[in-house]
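Here's the structure, in structure tokens; my notes come after.
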């Protein structure tokens, strides 16, 4: 058998584990997500300095943390002045924070009134939606800023024809409740098309043709655009990035590299072991389809393994973007309520009732923050 324990040693290991009869529960509030605020503030300060030195201001994106007011406040304390989120409900939480607020998902026409109340600026691509925002803004006695989205190849939101963007801009500039504020793009989110110098030049050329009397906001995308900014740079006039993952985890998104001096251990999920048993590494019986209608491949035969189950599942986390802190633990799979682990190669001797900790990536953070079954604890105030 591959691994650090023989079958006989595995059996002895499990039989010797205490049974916890009538014992008080030690680990309350599990599964638990611990957030290192000091690490996030460190990341924000580093990214803010790197961007400001290159003429870029950051819109701090909070959608990955479910609009956490604590984290939004730390963004501002670390030097940011703009908060951005994809959900109106999250922006409404920020009413007491002194910052410019952006809605970075295309607004729903049906929520135009809520958008103009909680957001100073929204990203837009549809004339009818802009008209709905204009009516809502006039009714509220406000002006609402719009950034028009240009699709530069990722095939998500925005017009692919720059002339159509300019025609939309000319119409928006004549409205009374809406103010044209600039142009933006999004890359590496759907088709995973990388930003490049040609695309940034195209965006800047479009911005220079906008019917505006002041310098426009030229928003070059998200954390995937950081690598291009730090290596080749942006054309003069491109002045904004909408950053979330890089602020939370210190990672640029284009090549998945951590930036020097940043921290990526900022979100740690703890879950309790509820089963620990020696089992074969290959299931038996006829294989059926999974929840997505696919037939999963059979795993390789690795002999008997020490398998554990922790009480957290796909409803609470994303196993593709989380990693056990213990390098000897391997994630084998997950169902809605369980994550199944292979602990055979671990140097530790775990017992049922102990906690296993995982470092989280962006999508695992998003799931954990939106799950009502995960306790969130902030550290480092």
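Just so you know, all these numbers are worked out from the coordinates, no wet-lab data involved. All of these numbers come straight from a predicted model, not from anything done at the bench. Cβ atoms come from the backbone with ideal geometry, glycine included; neighbour counts cover every protein chain shown.
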| task | Could you state the angle between the C-alpha long axis of helix 37-52 and the longest principal axis of the C-alpha atoms of the chain, as a value from 0 to 90 degrees rounded to the nearest 10? | result | 40
| said: Shape verdict for region 224-356, please, from the Cα gyration tensor: rounded (a/c under 1.5), prolate (a/b greater than b/c) or oblate. | reply: prolate
| said: If each residue of separation counts as 0.36 nm, what is the full-extension length gain between residue 164 and residue 325 once their alpha-carbon separation is subtracted? | reply: 53.0 nm
| remark: extent check for region 301-381: Cα max minus min per principal axis, descending, whole Å, gives 43, 27, 22
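Which translational diffusion coefficient, to the nearest whole µm²/s, is obtained for region 200-240 from the Stokes-Einstein equation, given a Kirkwood hydrodynamic radius over C-alpha pairs, 37 °C and 0.692 mPa s?
306
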| remark: Looks like region 38-250, by Cα gyration tensor root eigenvalues a ≥ b ≥ c and the a/c under 1.5 rounded cutoff (else prolate when a/b is bigger than b/c, oblate otherwise), is oblate
| message | If I stretch the segment between residue 357 and residue 213 completely, what's the gain in nm (0.36 nm per residue apart, minus their alpha carbon distance), one decimal? | response | 46.5 nm
| task | For region 271-330 and region 128-203, write down the distance between their C-alpha centroids in whole Å. | result | 44
| Top mean-square fluctuation among 291, 170, 223, Gaussian network model of the chain, C-alpha springs under 10 Å? | 291
| query | region 40-118: Rg/Rh from Cα coordinates, Kirkwood Rh? | reply | 0.99
| Among 298, 52, 357: highest mean-square fluctuation, GNM of the chain, C-alpha pairs under 10 Å | 298
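Using a Förster distance of 35 angstrom, determine the FRET efficiency expected from the C-beta separation of residue 311 and residue 278, and round it to 0.05.
Given R0 = 35 Å and the Cβ-Cβ separation, E is 0.95.
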| query | Helix 162-172: angle to the longest alpha-carbon principal axis of the chain, degrees 0 to 90, nearest 10? | reply | 70
| region 39-56-region 58-85 distance, computed between alpha-carbon centres (Å) | 13
| Reduced Cα scattering model of region 29-160, Debye log10 I(q)/I(0), q = 0.12, 0.21 Å⁻¹ | -0.53, -1.21
| What 222 nm value per residue comes from the helices of the chain, counting each DSSP H run with n ≥ 4 as -39,500 (n - 2.57) and dividing by all residues, nearest 500 deg cm²/dmol? | -7500 deg cm²/dmol
| query | GNM, the chain, Cα, under 10 Å: largest mean-square fluctuation among 212, 149, 369? | reply | 212
| query | Percentage of Cα-Cα pair distances in region 179-253 greater than 16 Å, rounded to whole percent? | reply | 47
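For residue 98 and residue 205, FRET efficiency with R0 = 30 Å and r from the beta-carbon atoms, rounded to 0.05?
0.30
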| note | Placing each pseudo-label 7 Å from Cα in the direction of the beta carbon, residue 174 and residue 264 end up separated by a distance in nanometres of 5.1
| request: For the chain, find the longest principal axis of its Cα atoms and tell me its angle to the long axis of helix 127-140, 0 to 90°, nearest 10. | output: 80
